[in-house]
1. Looking at Q13, Q60, which is the one that is without any contact (Cβ under 8 Å) to a residue 24 or more places away in the chain and surrounded by 13 or more Cβ atoms within 10 Å (Cβ to Cβ)?
2. Which condition breaks for W73 when tested against (1) more than 18 Å from G2 (Cα to Cα); (2) touching a residue at least 24 places away in the same chain (Cβ under 8 Å); (3) surrounded by 15 or more Cβ atoms within 10 Å (Cβ to Cβ)?
3. If I filter the range 17-34 for residues that are closer than 16 Å to C134 by Cβ and hydroxyl-bearing (S, T, Y), do I get at least one hit?
4. Take the residues in the range 17-57 that are in contact with a Leu (Cβ under 8 Å, 6 or more places away or on another chain) and among the polar types (S, T, N, Q); name whichever of them is surrounded by the most Cβ atoms within 10 Å (Cβ to Cβ).
5. Looking at this structure, is E130 at pLDDT below 95, out of contact with any His (no Cβ under 8 Å at 6 or more places or on another chain), charged (D, E, K, R) and crowded, with 19+ Cβ neighbours inside 10 Å?
6. Out of the residues in the range 97-115 that are outside any helix (DSSP H, G or I) and crowded, with 19+ Cβ neighbours inside 10 Å, state the one that is farthest from the chain's Cα centre (by Cα).
7. Could you pull out the residue among L15, L26, L40 that is in contact with a His (Cβ under 7 Å, 6 or more places away or on another chain) and over 19 Å from D98 (Cβ atoms)?
Amino acid sequence: MGLRRESRELALQILYALDSNPSESLLDVLQLFREEQPSLSDRVRQFAEGLVRGVHSERQVIDEAIKARSKNWALSRMPRVDLNIMRLATYELMFRSDIPKKVSINEAIEIARRFGDKDSPAFVNGILDEVPACPKTDVADEEQES
């Protein structure tokens, strides 16, 4: 597994923990994950925490973008795993010009295959495909970094 995939999966777990425990602070949840997974490389942890902090700070905008593209689905009715995968990818699409749109969507689909149910990949893909992406820089395929 590539470095960024591992980071995204960790970020998903952290976002899910935050979503499941709204009374916990971001800093407390991040500290708990650091303590529970001391063997993670600094690069994995830093990329994951950067994504989590970005999603956390832009959550209202991200949720509005997802909500506007989900027909007949309220955010409160979406499976928590799917919603947090979409939050993560939507953050990348809207706020990370260094990550190509195709990479963000493909990564989200693969993570949905691993952590979601049989319908998750199609559901995630259908919504993310409609999310507008910020202008992207010319970056070689991100998977080469892994």
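The values are calculated or read from the model by the stated rules, or taken from the named source; none is laboratory data. Keep in mind it's a predicted model, so treat the numbers as computed, not measured. Ideal geometry is used to build each Cβ from the backbone, glycine not excepted, and the neighbour counts take in all protein chains shown.
1. Details: Q60 fails: surrounded by 13 or more Cβ atoms within 10 Å (Cβ to Cβ).
Unique residue meeting the criteria: Q13.
2. Against the list (1) more than 18 Å from G2 (Cα to Cα); (2) touching a residue at least 24 places away in the same chain (Cβ under 8 Å); (3) surrounded by 15 or more Cβ atoms within 10 Å (Cβ to Cβ), W73 comes up short only on (2).
3. No.
4. Q37
5. Numbers: at pLDDT below 95: yes; out of contact with any His (no Cβ under 8 Å at 6 or more places or on another chain): yes; charged (D, E, K, R): yes; crowded, with 19+ Cβ neighbours inside 10 Å: no.
Criteria not met by E130.
6. Step one: filter the range 97-115 for residues outside any helix (DSSP H, G or I), giving 97-100.
Add one more test, that the residue is crowded, with 19+ Cβ neighbours inside 10 Å, and what stays is 99-100.
Numbers: I99: 13, P100: 14 Å.
The extreme case among them is P100.
7. Working: L15 fails: in contact with a His (Cβ under 7 Å, 6 or more places away or on another chain); L40 fails: in contact with a His (Cβ under 7 Å, 6 or more places away or on another chain).
Exactly one residue qualifies, and that residue is L26.
Results for (1) modelled with pLDDT of 95 or more; (2) hydroxyl-bearing (S, T, Y), shown as yes or no for each residue.
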{"site": "R5", "(1), (2)": "yes, no"}
{"site": "Y16", "(1), (2)": "yes, yes"}
{"site": "N21", "(1), (2)": "no, no"}
{"site": "E49", "(1), (2)": "yes, no"}
{"site": "V52", "(1), (2)": "yes, no"}
{"site": "H56", "(1), (2)": "yes, no"}
{"site": "L83", "(1), (2)": "yes, no"}
{"site": "M86", "(1), (2)": "yes, no"}
